[in-house]
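The values are calculated or read from the model by the stated rules, or taken from the named source; none is laboratory data. Remember, predicted model here, so these are calculated numbers, not experimental data. Counting neighbours? That spans all protein chains shown, and the Cβs are built from the backbone with ideal geometry, glycine included.
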Amino acid sequence: MGEWGAWLITLSFGLMGFSFYSFAAWLPQIIEGMGYSKSYSANALTLFVTIQIPVSLMLPLVLRRYPSRRL
């Protein structure tokens, strides 16, 4: 895979983390801007993050069923 592949993986993980945390940080403000209350936006953020936990735990099990797609 080489050095180029390592940088590509590092960049992809960095972008995934950046997009998730920026979305999670701005989600309550976006919902409040739509006219909903602070408690509703907090509940929406809690639901969003709570759904991420089982999905991230089940994703490796789902991906095992598909063949490898190596670069």
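One residue alone among 12, 56 is among the small types (Gly, Ala, Ser) and either modelled with pLDDT of 90 or more or surrounded by 10 or more Cβ atoms within 10 Å (Cβ to Cβ) (or both), and that residue is 12.
For the structure I just gave you, tell me whether residue 39 is hydroxyl-bearing (Ser, Thr, Tyr) and at pLDDT 90 or above. Yes.
Applying the set (1) hydroxyl-bearing (Ser, Thr, Tyr); (2) part of a loop (DSSP other than H, G, I, E, B); (3) surrounded by 10 or more Cβ atoms within 10 Å (Cβ to Cβ) to residue 66 leaves exactly one unmet item: (3).
Within the range 30-46, the set of residues being part of a helix (DSSP H, G or I) and either surrounded by 10 or more Cβ atoms within 10 Å (Cβ to Cβ) or under 12 Å from the mean Cα position of the chain (by Cα) (or both) comprises 30, 31, 32, 33, 38, 40, 41, 42, 43, 44, 45, 46.
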